[in-house]
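The values are calculated or read from the model by the stated rules, or taken from the named source; none is laboratory data. What you see is a predicted model, and the numbers here were worked out from it, not measured in a lab. Cβ sites come from the backbone with ideal geometry, for glycine too, and all protein chains shown count toward neighbours.
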């Protein structure tokens, strides 16, 4: 939006109330402490003070706030929904939360001006509630340098980037690496952090007991991620099957591919079609450590892995980068504010 000439201000919950600036964008941080409803009230008041020409809302809570903003200001509202919210709420918070979420969306979404979402399956569901445009959340080319000719590592470096949870396959990854290290000279590099202390203890204990020698990098600033990816040999995406997983194409695989890495990915209709169909890596049963270790071994033994990585890079450059889609969003904003 900023690139399109718009002045952007962000309002977000935070541990303290303050104003920051990030890449030339003013960020209003609203303290989260206080009685129920206080954060919502503060965010709505701050939004009204900005006197914006358009309100762009991410996720569920801002959608609910936007109805108040719409009623008071009559300004256009865009809701950006990039999660399967009802299944997610059911999985994380139970059936009642899912029902309330569905009711909230069904009341609020028809009253706003436009819905942006990330894939056609989600768009089909939301199209019953209003005008929907699909704009996938692809990586920006400006965040990733053009990959250079990859030097051959002493060991085959397997990379995982993302949050470390059972749902995202961290146990399966470690068990697969344990199997594979018995017959191949490999190294596992992990970028990301745990949300569960017990799982973190288990993972580090498993690493130590089995002498996996994992390279735990923790969270890495996205601006420093490109060289970490470039210095690896393949990227992993092993989310576990579930109502809200494996339905679309995760941004993570494109971040690997844009830096010239082939991928080992969980199976899924769109993932299979892209990765296997275009020979950009392999898909595996993400619930099975043996299937994952076999998939990684397939890439280790591939006769021309660099060619596969270049094909992955070229595919993203042509079809799956943000720059190829950003004009669509700018046209919607221009139409709503003209």
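Okay, here's what the table says:
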{"item": "Selection count where residues are in contact with a helix residue (DSSP H, G or I) (Cβ under 9 Å, 6 or more places away or on another chain) and within 15 Å of residue 310 (Cα to Cα), scope the range 229-273", "result": "16"}
{"item": "Single condition residue 93 does not satisfy, out of (1) within 26 Å of residue 328 (Cα to Cα); (2) under 23 Å from the mean Cα position of the chain (by Cα)", "result": "(1)"}
{"item": "Out of 290, 297, sole residue that is within 24 Å of residue 266 (Cβ to Cβ), in the same structural domain as residue 187 (by TED's automatic domain parsing), crowded, with 16+ Cβ neighbours inside 10 Å and touching a helix residue (DSSP H, G or I) at 6+ places or on another chain (Cβ under 7 Å)", "result": "297"}
{"item": "When residues of the range 112-127 are limited to those that are assigned to a loop (DSSP other than H, G, I, E, B) and touching a strand residue (DSSP E or B) at 6+ places or on another chain (Cβ under 6 Å), the one surrounded by the most Cβ atoms within 10 Å (Cβ to Cβ)", "result": "112"}
{"item": "Residue count for the range 14-47, restricted to those that are exposed (fewer than 14 other Cβ atoms within 10 Å of the Cβ) and outside any loop (DSSP other than H, G, I, E, B)", "result": "8"}
{"item": "Residue 105 being in a helix (DSSP H, G or I), within 18 Å of residue 241 (Cα to Cα) and in contact (Cβ under 8 Å) with a residue 40 or more places away in the chain", "result": "no"}
{"item": "Total residues in the range 195-244, condition part of a strand (DSSP E or B), in contact with a strand residue (DSSP E or B) (Cβ under 8 Å, 6 or more places away or on another chain) and either modelled with pLDDT under 95 or exposed (fewer than 12 other Cβ atoms within 10 Å of the Cβ) (or both)", "result": "1"}
{"item": "Which numbered condition residue 130 misses (of (1) out of contact with any helix residue (DSSP H, G or I) (no Cβ under 7 Å at 6 or more places or on another chain); (2) in a loop (DSSP other than H, G, I, E, B); (3) free of Cβ contacts under 8 Å to residues at least 40 places away in the same chain)", "result": "(1)"}
{"item": "Residue in the range 50-57 that is under 18 Å from residue 11 (Cα atoms) and in a helix (DSSP H, G or I) present", "result": "yes"}
{"item": "Selection count, the range 268-284, where residues are closer than 11 Å to residue 249 by Cα and either outside any helix (DSSP H, G or I) or in contact with a strand residue (DSSP E or B) (Cβ under 6 Å, 6 or more places away or on another chain) (or both)", "result": "4"}
{"item": "Condition met for residue 66 (part of a helix (DSSP H, G or I), touching a strand residue (DSSP E or B) at 6+ places or on another chain (Cβ under 8 Å) and assigned by TED's automatic domain parsing to the domain that holds residue 119)", "result": "yes"}
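Okay, residues lined up against (1) modelled with pLDDT of 90 or more; (2) touching a helix residue (DSSP H, G or I) at 6+ places or on another chain (Cβ under 6 Å); (3) over 21 Å from residue 334 (Cβ atoms):
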| site | (1), (2), (3) |
| --- | --- |
| 22 | no, no, yes |
| 27 | yes, no, yes |
| 42 | yes, no, yes |
| 57 | yes, yes, no |
| 67 | yes, yes, yes |
| 102 | yes, yes, yes |
